[in-house]
Amino acid sequence: MNIASNLSEKIRQIRLQKGLSQENMADMLGLSTTAYGDLERGRTELSVSRVENIAKLLDVPLPDLLGFESSSMSEAEWLRQENTRLLAANSRLQNELDQWKLKFRHWLGEGVIREIGQQRERIGF
């Protein structure tokens, strides 16, 4: 079993323990029953925000739902670590975006300058 199917199975088990039906969960999440069923069967990829919503609806700490032992790491600590990881990834992606913007400006600038030069040659400048 992979991580996604483990998570889907864990969601199903907790839902059943709480006495909720798939229809209940689908309604609370704003999904069709079919879409929610696909989620529990691992046919739909779960977004982070969707997992957070499910954890809240099931009244389960997010780290517990994701399979982290709450005794080894508090939810607050896990969230701090996740925040640090996401900030680092965001910074890396922002740097990459800035590099692509510079390349685009360089390519665009060269093309515009070349075009202006060709137009000037045609009219005799």
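The values are calculated or read from the model by the stated rules, or taken from the named source; none is laboratory data. Because the structure is a prediction, the values reported are computed rather than measured. Don't worry about glycine lacking a Cβ; one is built from the backbone with ideal geometry, like all the others, and counts go over all protein chains shown.
Residue 58 passes every criterion in (1) within 19 Å of residue 6 (Cα to Cα); (2) loosely packed, with under 12 Cβ neighbours inside 10 Å; (3) at pLDDT 90 or above apart from (2).
The condition of being loosely packed, with under 10 Cβ neighbours inside 10 Å, out of contact with any strand residue (DSSP E or B) (no Cβ under 9 Å at 6 or more places or on another chain), of a type outside the set (Phe, Trp, Tyr) and part of a helix (DSSP H, G or I) holds for only one of 91, 49, 5, that being 49. Criterion applied to 21, 8 was being closer than 14 Å to residue 66 by Cα and among the polar types (S, T, N, Q), and the one residue passing it is 8. Counting the residues of segment 24-46 that are of a type in the set (Ser, Thr, Tyr) and outside any loop (DSSP other than H, G, I, E, B) gives 3.
Checking segment 99-114 against the condition returns a match, with at least one residue being at pLDDT below 85 and of a type in the set (Phe, Trp, Tyr).
Is it true that residue 86 is part of a helix (DSSP H, G or I), of a type in the set (A, V, I, L, M) and in the same structural domain as residue 13 (by TED's automatic domain parsing)? Taking the combined requirement at face value, the residue does not satisfy it.
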